[in-house]
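These notes are about the structure you will find just below.
Where a number appears in this text, it was derived from the coordinates with a stated rule and is not lab data. If you're wondering where the values come from, they're calculated on a predicted model, not measured in any experiment. Positions of Cβ are generated from backbone atoms using ideal geometry, with glycine treated the same way; all protein chains shown enter the neighbour counts.
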Amino acid sequence: MLMNRLDILSDRVGIARDYLDYKKDPVEIANSARMAVLAAMCGEFESEEAAGQALQALDHEALRPLPRTLLLRSDEALQFDLLLPEGAGAHSLRIHLEEGETIELPALDLSLGSLDTLAGEQVQRLPVTLNHGCPTGYHELELLGADGALVCSSRLIVAPRTSWQPPRLAEGGRVYGVTVQLYTLRSERNWGMGDFTDLAELVRQSASQGVDVVGLNPLHALFPANPLHFSPYSPSNRAFLNVMYIDPLAVPGYDRCESVRTQVESEAFQARLASLRDTHFVDYQGVADCKLPVLEQLYRQFVEHEIEPAGELGAAFLAWCERRGEALRLHATYDTLHEHFLRQDLQIWGWPVWPEAYRDPHSETVQAFAAEHADRIRYYQFLQWCAYRQLRAAQAVARDCGMTVGIYLDLAVGIDLNGSQVWSNQSAFCLEASAGAPPDELARSGQDWGFPPMDPRDLQDSGYRLFAEDLRANMSVCGAVRFDHAVSLLRLWWIPRPGGAVNGAYVNYPLHDLLGMLALESERNHCLVIGEDLGTVPEQLTQVMEHNHLFSYKVLYFEKTAAAMAAPSEYPREAVAAVTTHDLPTLASWWDSSDITLRAQLGLLGAESVAEEMRQGRQQDRQQLLDALVVEAGWQGERDATAIPAMTTELNVAVHRFLASSRSAVMLVQVEDLMEMLSPVNVPGTFDNHRNWQRKLRWSLEGLFQRDSVRAICAAAREARS
């Protein structure tokens, strides 16, 4: 009987019973795995009575007259079932619009309802259909009793039918762009890693070659007090920025701060910066040791010259802080606490091991700490303001250069358990589980990504508040976002702690509502949305992405059959086409199979026979690509792939011309491929045995787009796109 109730509970909270694996074979999820995920989500149920109480709680929520959140598209009528106690009298509805107006709706005709039994109670179920006339936005639907008193309310979200597209793309135009991991940029002026000023310069240079998109790695906030936590896909907070990308020389007040200028321009400081620039890998600690003390001095001057005398910039900063509100205050408080405890003991690495009174962001202890350290909290708010100013300035350069899209940001799929966003919103996450992926062809034991999954029940109950904040914060400063692991809009593989990826189960998410949220924020911010749908993607998601005009992601290496590479005409229109990504080998490495050698050396392939089998498969892939270039890209060179052991400029140009001729509206060139680099920036499945997220680019930014080989690739892409 207990197991029966647990099965029902698992179904009610969205834990899947089965799925199709990467081979499209059905896989039944073990009951033990479903029960473990249920325990992680809802707690242990050691008795039938406890499970029954949990079901009663769900039933009680189901008895609520209105759902907590209703999301519909602008071309849809408002439809829902209103639940009222048996014998309830007259009721009516009204809508409070986001802009302040109120729409009074006619009294409800209770005669249209029917009696129903729900959770053991008799209720009147009244189907409601309203042609509401609401604009897109966030509204409030209220249920009023016969006396006009408020009975219940629901958040009413009205989203556009589809996500927004730039007019040029919506009208059938095609563009191309470049992608780069921002920290990898070399320049003669940065402080050892690429920064926002480098980004603006990259935008200027690439615009001269007809580039309309500049794609980036996630720029989310990391951990300023711990510069060695540098993976861009393990952020502290997705709604804020990594302050290490700030260019100190572009911070307000640098020009007039003589003491800072003297320090920075000194021979010793410049020598230190030169050594940081000359390294093959980013020295994150060294960059932080130079950058953060200077930023702190600039903040002190800003307080003295702009905040205390209520200057124009000081007022702008304070107004920005007010707009970002509680989320910014808590993020800055977290950074201050993180710094405070790390200075005491390096073993106090994050909020889960802070003294207990500090683990609750709303505790009296935290409030007292915040009052005592108000200036330090404001310092971290100042860094966020500077970062957003500089990123917006780079996007403004893109607009001034006439780019159709400009900067596109990558929105990481998860958030680090130990970071500010989880600390600030603990009820929104399941802290007893981590997200990952089930076993597949490349990871036979599955993958555990380590971050806590968002609770789909909290998402709905909160009106998607946190999801909207993340979207808004990113979309407001760019022209496109790439939603990492877009399948998480539909389902996510939950792994109970401690567990192992093979012991996980899929948990379903409110796909319709999340796509609506993407469409609404996309329209409001005039931001293109790209869904990273690589890997095993259910057909359901593919269909709804197309229906919602959510761009898919197509990688050259994967667009093939056993017999041939896909022709350019076979690529979908609403898609981003790319040769490769940050998680895959560069084109030069793919061509000479050095990526396979590297993976074998790192112990990722097991027996040498596996590596040899992969090399043979790669040889077939190379030949198929070369054959496709002959047919589709006018390749006049050597037709035997074995006779071209390494990537050449001519072949590089031909590959990019081939991809640029595809139907896809957006085509991207990775900067590493412009430079014909071999070494990857990331090797999935490795941690301390490969220096992921550290390797810099081969050439400096200065004059990059004046190089003949780079200009040849850009010209081929530009011409094919036009």
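Under a point-charge model restricted to the Cβ atoms of Lys and Arg (+1) and Asp and Glu (-1), what is the dipole moment magnitude of segment 185-263 relative to its Cα centre, in debye to the nearest 20?
Numbers: 6 positive and 8 negative charges, 30 e Å.
Once rounded to the nearest 20, the dipole reads 140 debye.
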Here segment 455-468 yields Karplus 3J(HN,Hα) values (6.51, -1.76, 1.60; θ = phi - 60°; whole Hz; Gly and Pro given as x) of 7, x, 5, 5, 3, 5, 5, 8, x, 6, 4, 5, 4, 5
Sequence-distant or interchain residues sharing an amide H contact under 5 Å with residue 566, placed H: which?
-> 560, 561
State, to one decimal in nm², a quarter of the convex hull surface area for the C-alpha atoms of segment 548-625, i.e. the direction-averaged projected area.
-> 6.1
With only Lys, Arg, Asp and Glu charged, each at its Cβ (+1 for the first two, -1 for the last two), find how big the charge dipole of the chain is about the Cα centre; round to the nearest 20 debye.
-> 1640
The rounded separation in angstrom of the Cα centers of segment 21-91 and segment 429-481 is 20
Given unit charges at Cβ for Lys, Arg (+) and Asp, Glu (-), the dipole magnitude of segment 75-159 about its Cα centre in debye, nearest 20, is 140
Please report, in whole Å, how far the alpha carbons of segment 75-159 spread along each principal axis, starting with the longest.
-> 39, 28, 21
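What translational D, rounded to a whole number of µm²/s, comes out for the chain from Stokes-Einstein when the hydrodynamic radius is the Kirkwood one over Cα pairs, at 10 °C and 1.306 mPa s?
Answer, rounded: 57 µm²/s.
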Debye equation applied to the C-alpha atoms of segment 411-464, log10 I(q)/I(0) at 0.26, 0.31 Å⁻¹ | -1.02, -1.21
Taking the C-alpha atoms of segment 1-160, how large are the radius of gyration and the largest Cα-Cα span, Dmax, in Å?
-> 19.8, 60
With 10 Å bins from 0: P(r) over segment 246-335, alpha-carbon pairs, percent = 15, 37, 31, 17, 1
With the cut-off at 18 Å, report for segment 432-560 the share of all Cα pairs above it, as a whole percent.
-> 58
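Multiply the residue separation of residue 368 and residue 168 by 0.36 nm, subtract the distance between their alpha-carbon atoms, and state the gained length in nm to one decimal.
Values: separation 200, 0.36 × 200 = 72.00 nm, distance 5.30 nm.
So the chain would gain 66.7 nm between residue 368 and residue 168.
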Percent relative contact order for the chain, counting Cα pairs under 8 Å at least six residues apart, stands at 16
Hey, fewest Cβ within 10 Å first, where do 527, 42 land in order?
-> 42, 527
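When each pair of different Cα atoms in segment 661-722 is counted once in the 1/r mean, what is the Kirkwood radius in angstroms, to one decimal? Write out the running numbers ahead of the final one.
Details: mean 1/r = 0.0725 Å⁻¹.
Result for segment 661-722, one decimal place: 13.8 Å.
Tell me, what does the Kirkwood hydrodynamic radius of segment 343-482 come to in angstroms if you use every pair of distinct C-alpha atoms? Before the final figure, lay out the partial values.
Details: mean 1/r = 0.0549 Å⁻¹.
Every distinct Cα pair counted, the radius reaches 18.2 Å.
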At 10 °C and 1.306 mPa s, what whole-number value in µm²/s does Stokes-Einstein give for the translational diffusion of segment 2-62, with Rh from the Kirkwood sum over Cα pairs?
-> 129
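Would you mind putting 332-344, 65-77 in packing order, based on average other-beta-carbon counts within 10 Å, highest first?
Details: 332-344: 20.3, 65-77: 17.1.
The most tightly packed comes first, giving 332-344, 65-77.
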Please order 123, 303, 211 by the number of other Cβ within 10 Å, starting at the fewest.
-> 303, 123, 211
Between 0 and 90°, nearest 10: helix 511-525 axis offset from the chain longest Cα axis | 60
If you average 1/r over every pair of different alpha-carbon atoms in segment 165-310 and take one over that average, what Kirkwood value in Å do you get?
-> 17.1
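Please arrange 246, 596 by how many other C-beta atoms lie within 10 Å of their C-beta, fewest to most. Present the calculation step by step, with values, prior to reporting the outcome.
Numbers: 246 26, 596 22.
In order of increasing Cβ crowding within 10 Å: 596, 246.
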With N denoting the number of residues in segment 206-257, provide Rg(C-alpha) divided by 2.2 N^0.38 Å, to two decimal places.
-> 1.49
